[in-house]
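Taking it in order: structure first as structure tokens, then the write-up.
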Protein chains: 2
Amino acid sequence: MAKSPKISASHEPGGLIVHISGLLPSLSPAEQRVARLVVADPAAAARRTITDLATAAETSEATVIRFCRSVGMDGYPQLRIRLAAEAARRVEPPDARVVGGDIPPGADLAQIIATIAFNDARAVEETAEQLDPAVCEQVVEAIASAGRIDIYGAGASGFVASDFQQKLHRIGRIAFYFPDVHTALTSAALLGRGDVAIGISHTGTTSDVIEVLEQARTRGAVTVALTNFPRSPITEVADFVLTTAARETTYRSGATASRLAQLTVVDCLFVGVAARNRSRARKALEATAEAVLSHRVGANRRRG
Amino acid sequence: MAKSPKISASHEPGGLIVHISGLLPSLSPAEQRVARLVVADPAAAARRTITDLATAAETSEATVIRFCRSVGMDGYPQLRIRLAAEAARRVEPPDARVVGGDIPPGADLAQIIATIAFNDARAVEETAEQLDPAVCEQVVEAIASAGRIDIYGAGASGFVASDFQQKLHRIGRIAFYFPDVHTALTSAALLGRGDVAIGISHTGTTSDVIEVLEQARTRGAVTVALTNFPRSPITEVADFVLTTAARETTYRSGATASRLAQLTVVDCLFVGVAARNRSRARKALEATAEAVLSHRVGANRRRG
DNA sequence: CCACGGATGAAACTTACTTTCACGAGGCGT
DNA sequence: ACGCCTCGTGAAAGTAAGTTTCATCCGTGG
């Protein structure tokens, strides 16, 4: 497969826990058991000895060490220290029942709202924290000077892709989004040096998106991946990797929080690109806003 | 074996560092050397091994252990962890929050990211705060028992509408979204008692959406409006009004934060509906997840 | 001058951490 | 279907970290 020079920074600035949960799916089953324990209660994990933790995770010490290495630590003691630090920094969750992420069976609407809002807001914040401005900068640069920008995404990520496309279009950048693989592949085949291809996939395993991104790459386009999992397959076909930091709670309940995280990243890129040429972008935005004015009623409210 | 009968000191009010420097004079000379190192740079000390620290303090490991006991710790590892935690807490985020909302002309990417994330997160939180659970409950009830659900939205709100449609569909509710007015009107004309129509418009002034919602209402459907402005025209054709709380900042139009707020509301409704019938919803989700499985590539991969 | 007690570090010891290795399961190509 | 090969795994060996023990040193007071 393609060599992967990747710029996805091996730093985990946005917090160790976030980093670990992002790596979760790329870990082996036994390591995942360890990871889950650690994420569930970092402070407790920090207090445990390696043997203790291994036992709790029903595995051997060796696996715990492997886990440490997998998440970028030198060894167990270092992990312990970092965990302790992390746990201390973490602001006490306002509401204990809200924190786990999962919604209790008997929950009433108020509880559900609080839980969702908390998780959504946190996904946004944590994503921003761990975003590497340097990588963003390069992506923005690429987009700003691209001849053409293709954006790919399937399912829930498709909405995000589509949203991004619309945004870029509104400030005068030539951007496309394709809801269907075949069209996308066709388009990718026509990309070349100086073009940009952006693939969005929460799991990073959506084969359609990967395939298209790979195609784009072989044509010489700059490829960008937006995913929640920094070691997922999609990152192997991307020149730049941007990660979100959503710890998806309940099952694949439709990538609830991750969507918001993705949108936040999109917004950042968008504003970054727009900031490159303030006046032109503003003019374009005003023009497009005016265009839909006739579809607005009672214009005397706030901003139309 | 009996531990050193150290006096409790179970609590070190005001922090471990303060505690240590407090009893510094009561320590033996060699222990004081250790203490001074620790107090001077807790974070660094936490990273050191006991031998390392002993050497730095020009003493033996034994003395370091004695020091640990003297300050009320069980042993060196515990001290390390406490130290790490302490150091982490101490480092208060000095970053002057980029409040205000608008992005200064000369802003760099890091600033842009911080600003956007802050506003996005706040929009989500504030939206949740002002959401009326009672109204949500009724909307959820209506959706849960609806024969059919139509969702309308244009432009950026269209993505949200589309997202909601997909979500409801995934848990087995019959939901539709129409990107175009005419189709939407046609559909609305076919709604009846027991059906639900949801109109999404950030400004609340999008005539297309209002028109369609009105149509739906005259046909006897329950109408729901999701908007940022509780007094906007759309609210006049809605039985239930749900509001977001995004203060859109000036020019980054595109309804950046409001979109996230809308999605949060959508999530709440979605989870609310899903919670009505847990097992069926879960089964449906699992089925749909399985359906796309063949489009996923091996997720279990370690670093290349 | 010697007995005594606290402080201290060397070394023995224990526990924790790390590495190595062999086995077994599952995938892949033939 | 077969065998090869890779990968995940834990047992056990090996190393390093932490802890205890104990002899020594040193100052003090008898």
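Computed from the coordinates by the stated procedures, all read-outs in this text should not be read as laboratory data. Bear in mind that the values here come from a model prediction, so they are computed numbers and not experimental data. Here the Cβ positions follow ideal geometry from the backbone for every residue, glycine too, while neighbour counts run over all protein chains shown.
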- Give the residue from B:Ile65, B:Ala44, B:Ile81 lying farthest towards the positive end of the charge dipole for region B:42-82; charges sit on Cβ (+1 for Lys and Arg, -1 for Asp and Glu) and the dipole is referred to the Cα centre. B:Ile81
- Task: Sort B:Leu53, B:Leu190, B:Leu23 so that the residue with the fewest other Cβ atoms within 10 Å of its own Cβ comes first and the one with the most comes last.
- Result: B:Leu190, B:Leu23, B:Leu53
- Query: Quick one: if the Förster radius is 60 Å, what FRET efficiency do B:Leu23 and B:His169 give, using the C-beta to C-beta distance and rounding to 0.05?
  - Reply: 0.35
- Taking the label point 7 Å from Cα in the Cβ direction, how far apart in nm is A:Ala134 from each other copy of itself, listed shortest first? 5.5
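With contacts defined as alpha carbon pairs under 8 Å and 6 or more residues apart, what's the relative contact order of region B:120-293 in percent?
Relative contact order of region B:120-293: 27 percent.
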- Could you give, in nm with one decimal, how far A:Thr218 is from each other copy of that position, shortest first, with labels 7 Å out from Cα toward Cβ? 5.7
- Note on the structure: Per-residue average of other protein chain Cβ atoms inside 10 Å, peptide A:256-268 -> 6
- Message: Let's test the formula: R0 of 51 Å, r as the Cβ-Cβ distance of A:Arg69 and A:Ala110. What FRET efficiency results, to the nearest 0.05?
- Response: 0.70
- Query: In units of 2.2 N^0.38 Å, what is the alpha-carbon radius of gyration of region A:11-90?
  - Reply: 0.95
- Task: Order by neighbour count: B:His202, B:His19, fewest other Cβ atoms within 10 Å first, most last.
- Result: B:His19, B:His202
- Query: If you average the sequence gap of Cα pairs under 8 Å that are 6 or more apart and divide by the length of region B:16-90, what percent do you get for the contact order?
  - Reply: 35 percent
- Task: Could you pull the copy-to-copy label distances for A:Thr51, with points set 7 Å along Cα to Cβ, in nm to one decimal and sorted shortest first?
- Result: 2.1
- Task: Could you tell me whether region A:153-200 comes out rounded, prolate or oblate from its Cα gyration tensor? Rule is a ≥ b ≥ c as square roots of the eigenvalues, rounded for a/c under 1.5, then prolate if a/b exceeds b/c, otherwise oblate.
- Result: oblate
- Message: Using alpha carbons only, how many angstrom separate the centre of region B:181-249 from the centre of region B:52-91?
- Response: 64 Å
- Could you work out how far apart the two model spin labels at B:Arg89 and A:Asp180 are, taking each label as a point 7 Å from the Cα in the direction of the beta carbon, and quote it in nm? 6.0 nm
- Item | Distance between modelled label sites at A:Ala189 and B:Thr49, nm, 7 Å Cα→Cβ extension | 6.0 nm
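Would you kindly calculate the translational diffusion coefficient of region B:120-293, applying Stokes-Einstein with the Kirkwood radius from alpha carbon pairs, for 25 °C and a viscosity of 0.890 mPa s, and quote it in µm² s⁻¹ without decimals?
Answer from the Stokes-Einstein relation: 154 µm²/s.
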